[in-house]
Each structure stands twice: as structure tokens, then as C-alpha cells.
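What follows is one structure encoded as C-alpha cells, with my remarks underneath.
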Amino acid sequence: MTADAKKVYLVLILFAYTLPFAFVYWAQQHIATGLASILFAAYPFFVAIFSQIMLKSESLNLFKVTGIVLGFIGIVVIFAGDIHVSEPRSVIAMGLILANSLMQAYCLVLVKKFGQPLSPFAVNLVGMFWSGAALIGLSFAVESHVSIVWDTAAIGSIIYLSTIGSVLVFVAYFWLLKRVEAVYLSLISFITPIVAVILGAVVLGEKLETNVFIGAACVLVGLLIANGKAFYRRMSESVG
């Protein structure tokens with residue numbers, strides 16, 4: 001195993017899985033989901049900054065910056081009603097979500113720079129195995145397991161989150177990272193909250209307010225603008 005591979009694995013274990021998952025699940029108990037979505041929407045900004053510093057081949061341009069700003073505005077418009085602080089711990093929770101975004105952004109760019117030879121399956125196996133062990137140990141150290149109920153819903157949720165919500169998603173994510181610029185891939189963080197809102201309407205019958213459509217339109221326009229220069233270049237090459 002090369003020194004770069006060891007560095008990637010160690011950073012992923014700590015800053016892509018262990019700390020972020022511990023932070024986000026604690027923070028979600030103290031702030032609204034919408035506010036968490038807004039804070040995590042800082043992720044593409046952090047990815048853009050790290051890309052500019054660490055990836056010479058993926059420099060920023062006006063298209064990317066404009067697209068990121070519009071996407072962020074769209075998320076704020078959708079979840080503006082959740083912007084409030086209900087308890088003292090909410091401020092800490094907000095800071096942890098931002099720290100989560102920062103760590104995840106650094107990991108993404110680091111894998112883009114040094115993880116090209118690594119298999120997406122290996123990256124996730126090592127990262128999830130050791131972080132899972134660390135989080136289980138941490139849970140026994142700081143939490144009570146007396147109130148845990150192992151019913152069908154709980155077991156089904158764990159199976160879904162560990163397979164489709166974790167393994168499948170992260171393998172696909174790191175597979176795409178080998179083929180797509182880091183900033184473009186980070187824009188997925190703008191799409192996920194919109195999909196969640198739509199699923200809430202379809203599955204739970206939640207009402208879609210006007211702000212959802214306005215915000216989603218901002219995100220869509222932002223994604224189109226962010227990809228504008230690359231799309232224009234491909235069109236020019238195909239015509240030429």
C-alpha cells in the first residue's frame with residue numbers, strides 16, 4: 001500500500017465517516033432538518049475552495065461560482081421557514097453541521113487528488129468498517145442502549161441505510177468522482193433536499209408550498225449555469 005493510499009484511508013475513516021456521522025446525528029436532534037440542509041449546502045463552496053487550492057486541473061470559473069451561489073439561494077428559499085434557533089445547543093449543532101460540510105469537502109478533493117488508483121469498493125470497505133467500529137464503541141461509552149427497540153421498522157431502517165443509503169450511494173459517489181470534476185459532483189448536495197421534499201409530498205402527503213418550486217427552479221438554473229462552460233466546450237468540440 002502506497003503512502004498516498006494510507007493517507008486517503010486514514011483521512012476518510014476520521015473525516016468522511018466517523019466524525020461527520022457522529023456530528024450530524026447528534027446535531028439533528030437539536031436543529032430543524034431544513035436548517036441542517038441549508039448549512040450542509042455550504043458543502044459545494046468548501047469543495048470549490050479546496051479544489052482551487054489542491055487541484056490544478058479543476059480551477060474555478062464564473063460559471064461554477066454563479067451556479068453554486070444560485071443553488072445555495074434555492075436551498076435557502078425552500079427551507080427559509082426552518083431558520084430559527086430553539087435552544088442553546090442549537091448553535092453548537094449548527095457549528096457541527098458546518099464542520100461536517102468542511103470535512104466532507106476536504107475528503108472529496110483529497111480522494112480526487114490521491115485516490116484515483118483506489119477501488120471505490122475498497123475505499124468504502126476500509127472507511128466504513130473502521131468508522132463503524134469506532135462509532136459502536138463510542139455509543140457504548142456515551143449513550144444508553146436500554147431504550148433501543150429492535151422492531152421491524154428499526155431493523156428495516158438499519159438495513160436500508162447500511163446498504164442502499166451507505167454502501168451503494170458511496171460506491172457510486174466515488175466511482176463518479178473518478179470521472180467528474182469535484183465541484184460538479186458536490187452539486188448533488190443541492191439536489192438531495194429537493195428529492196426529499198418531493199418524496200415527503202408523494203409518500204407522506206405533505207403540501208408543496210410555492211417557495212419549494214421557486215427554490216427548486218433556482219437550483220436547476222444554478223446547475224445549468226455551473227455546467228455551462230463545460231457543456232459549451234463539448235458542443236464546440238462536437239461541431240468542430
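What about Gln29, is it closer than 22 Å to Pro193 by Cα, of a type outside the set (Gly, Ala, Ser), modelled with pLDDT under 90 and within 20 Å of the chain's Cα centre (by Cα)? Lay out the reasoning, then the answer.
Details: closer than 22 Å to Pro193 by Cα: yes; of a type outside the set (Gly, Ala, Ser): yes; modelled with pLDDT under 90: yes; within 20 Å of the chain's Cα centre (by Cα): yes.
Here the answer is yes, as Gln29 does meet what is asked.
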Would you say Glu181 is modelled with pLDDT of 90 or more and among the charged types (D, E, K, R)? yes
How do the pairs read when you match residues in region 169-181 that are within 15 Å of Ala122 (Cα to Cα) with residues anywhere that are surrounded by fewer than 16 Cβ atoms within 10 Å (Cβ to Cβ), using Cβ under 7 Å and keeping only pairs 6 or more apart or on different chains? Val171/Phe121; Lys178/Gln116
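Regarding Gly127, is this residue under 16 Å from Pro20 (Cα atoms) and either within 17 Å of the chain's Cα centre (by Cα) or not aliphatic (A, V, I, L, M) (or both)? Working first, answer last.
Details: under 16 Å from Pro20 (Cα atoms): yes; either within 17 Å of the chain's Cα centre (by Cα) or not aliphatic (A, V, I, L, M) (or both): yes.
So Gly127 passes the test.
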For Ala99, are the conditions met, namely being under 24 Å from Ile49 (Cα atoms), in contact (Cβ under 8 Å) with a residue 40 or more places away in the chain and surrounded by 19 or more Cβ atoms within 10 Å (Cβ to Cβ)? no
Go through region 109-121 and report how many residues are part of a helix (DSSP H, G or I) and either buried (at least 16 other Cβ atoms within 10 Å of the Cβ) or among the basic types (Lys, Arg) (or both). 7
Under 8 Å by Cβ, and 6 or more places apart or on different chains, what pairs join a residue from region 136-150 that is in contact (Cβ under 8 Å) with a residue 12 or more places away in the chain with one that is surrounded by 10 or more Cβ atoms within 10 Å (Cβ to Cβ) and in a helix (DSSP H, G or I)? Leu138/Ala22
What number of residues within region 1-25 are surrounded by fewer than 16 Cβ atoms within 10 Å (Cβ to Cβ), assigned to a helix (DSSP H, G or I) and hydrophobic (A, V, I, L, M, F, W, C)? 2
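The values are calculated or read from the model by the stated rules, or taken from the named source; none is laboratory data. Just so you know, these numbers come straight off a predicted model, no measurement behind them. Cβ: placed from backbone, ideal geometry, glycine included. Neighbour counts: every protein chain shown.
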